[in-house]
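Encoded as structure tokens, here's the structure I'll be asking about.
Please treat every number below as a calculation from the coordinates, not as lab data. For clarity, every value in this text was computed on a predicted model and none was experimentally measured. Counting neighbours? That spans all protein chains shown, and the Cβs are built from the backbone with ideal geometry, glycine included.
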Amino acid sequence: MHSGHVREYLDLPADRLVVCAVSFGYADPEQPVNRFRTERAAVDDTVFVVGD
């Protein structure tokens, strides 16, 4: 809904997507999908600060 504002603020080109997801609740530990783990990139490799 606000991706246009975010895109303008971050000066993102049209070929880049703005994506955000939030999950609420508790994982069911009995479900196999909730035991799946992936490797994570370091914060320094993925995050940059724009502005102050």
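Taking the condition of being assigned to a loop (DSSP other than H, G, I, E, B) and among the acidic types (Asp, Glu), how many residues in segment 29-52 meet it? Working first, answer last.
Residues of segment 29-52 that are assigned to a loop (DSSP other than H, G, I, E, B), as a first pass: 29-31, 36-42, 47-52.
Adding the requirement that they be among the acidic types (Asp, Glu) leaves 30, 39, 52.
The number of residues fulfilling the criteria is 3.
Assuming residue 9 fulfils every condition listed in (1) assigned to a loop (DSSP other than H, G, I, E, B); (2) surrounded by 10 or more Cβ atoms within 10 Å (Cβ to Cβ); (3) of a type outside the set (Asp, Glu) apart from one, which condition is it?
Looking at each condition in turn, residue 9 falls short on (1).
Kindly provide the set of residues from segment 20-52 that are exposed (fewer than 10 other Cβ atoms within 10 Å of the Cβ), touching a helix residue (DSSP H, G or I) at 6+ places or on another chain (Cβ under 9 Å) and aliphatic (A, V, I, L, M), ordered by number.
50
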